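Pasting in a structure now, in structure tokens, and then I'll have a few things to ask.
Rule-based calculations on the coordinates, nothing more; no lab input. What you are looking at is a predicted structure, and each value in this text was computed from that prediction instead of being measured. For neighbour counting, all protein chains shown are included, and Cβ atoms are generated from backbone atoms with ideal geometry for every residue, glycine included.
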Amino acid sequence: MMIGVLALQGAFAEHEKVLDKLGAGWREIRKESDLRQPIKGLILPGGESTVQGKLLLELGLMEPIRHLLEKGMPVLGTCAGLILLAEKQTERDTAYLGTLPVTVRRNGYGRQLGSFTTRCLYEGIGEIPMTFIRAPYIEKAGKGVRITAVADGRIVGVEYENQIAISFHPELDDDLSVHKRFLQLVQGTDPSF
Ligand code: GLN
């Protein structure tokens, strides 16, 4: 099973290590030609969404990735990846990929609060560690969006069609269950995109 990992900036190497542990193949996506060989799913890592968004545009990756997601390719977006997927941001009119009908608040916990880890329920999995780093949270979830995780009264995880989006960083903790869930989604998806 070949998973594409967007490797422009941020925590992509950590996701690759998790995929190694789970025995899934992966390929780094850095330019348009990296998408010519088929992938069955895509991971959008955490990092800095403004930088990643700019690079996606400059490298001509924004349109082809949006196209794949619109056709149903499974995606796991973590932190900045969630921001890239969101249809709306509280302080920005234009979306990046915009395939996920949620409104997201960047740096929702304040810029000062660097990082923290907590344990919360993830729907269908149970309690897992959740590490937040200058994290966004979801202010509004649109129609058809399933809320999968709430921490401190704030929505930090959602699933919508073949998109899994979370505010936290499962690739930084030992718990592999979110990645396992993503790989199950990939396995159950007809790769006709
Ligand atoms: N604050 C970052 C942003 O706005 C996201 C942080 C992260 O991905 N850990 O893009």
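Pick from Met73, Met62, Met130: which is most flexible by mean-square fluctuation in a GNM of the chain where alpha carbon atoms under 10 Å apart are linked?
Met62
If each residue's Cβ is checked for other Cβ atoms within 10 Å, how do Val51, Val104, Val145 rank with the fewest at the top?
Numbers: Val51 13, Val104 27, Val145 19.
Listing Val51, Val104, Val145 from fewest to most nearby Cβ atoms yields Val51, Val145, Val104.
Pop a pseudo-label 7 angstrom from the Cα along the beta-carbon direction at both Asp20 and Lys180 and give the gap in nm to one decimal.
2.1 nm
Using r as the Cβ-Cβ distance of Lys71 and Phe116, and R0 as 35 Å, what FRET efficiency do you calculate, to the nearest 0.05? Don't jump to the answer; show the numbers that get you there.
Details: r = 37 Å, r/R0 = 1.05.
My answer for the efficiency is 0.40.
Have a look at segment 48-193 and give its Rg and Dmax from the Cα atoms, expressed in angstrom.
When restricted to the Cα atoms of segment 48-193, Rg and Dmax are 14.5, 44 Å.
Name the most mobile residue of Glu91, Glu32, Glu48, meaning the one with the largest mean-square fluctuation, in a Gaussian network model of the chain with Cα contacts below 10 Å.
Glu91
Counting only DSSP beta bridges with both residues in the chain, tell me the antiparallel percent, nearest 5.
In the chain, approximately 55 percent of DSSP beta bridges are antiparallel ones.
Tell me, in nm to one decimal, what length is gained between Arg27 and Leu57 on full extension, where the rule is 0.36 nm per residue of separation less the Cα-Cα distance? Don't skip to the answer; put the middle values down first.
Values: separation 30, 0.36 × 30 = 10.80 nm, distance 2.00 nm.
Gain on stretching Arg27 to Leu57: 8.8 nm.
How much FRET efficiency would the formula 1/(1 + (r/R0)^6) give for Arg36 and Gln9, where r is the Cβ-Cβ distance and R0 is 22 Å, rounded to 0.05? Provide the component values of the computation, followed by the final result.
Numbers: r = 22 Å, r/R0 = 1.00.
E between Arg36 and Gln9, to the nearest 0.05, is 0.50.
So how strong a dipole does the chain carry about its Cα centre when Lys and Arg Cβ are +1 and Asp and Glu Cβ are -1, to the nearest 20 debye?
Numbers: 23 positive and 24 negative charges, 50 e Å.
In total the dipole reaches around 240 debye.
Let me make sure I get this right: for segment 1-121, a, b and c are the square roots of the gyration tensor eigenvalues over alpha carbons, sorted descending. Under 1.5 in a/c it's rounded, otherwise prolate if a/b > b/c, else oblate. Which is it? Please list the in-between numbers first.
Numbers: a/c = 1.76, a/b = 1.21, b/c = 1.45.
The shape class here is oblate.
Still on this model: Is there a pair in Lys21/Lys180; Lys88/Lys143; Lys31/Lys88 whose C-alpha atoms are over 18 Å apart, and which pairs would that be?
Working: Lys21/Lys180 10 Å; Lys88/Lys143 14 Å; Lys31/Lys88 25 Å.
Too far apart for the 18 Å limit: Lys31/Lys88.
A further question on this structure: Per 0.36 nm of contour for each residue apart, how much would the distance between Thr90 and Glu139 grow if the chain were fully extended, relative to their Cα-Cα spacing? Spell out each step's value before the answer.
Working: separation 49, 0.36 × 49 = 17.64 nm, distance 0.83 nm.
Additional length available on full extension: 16.8 nm.
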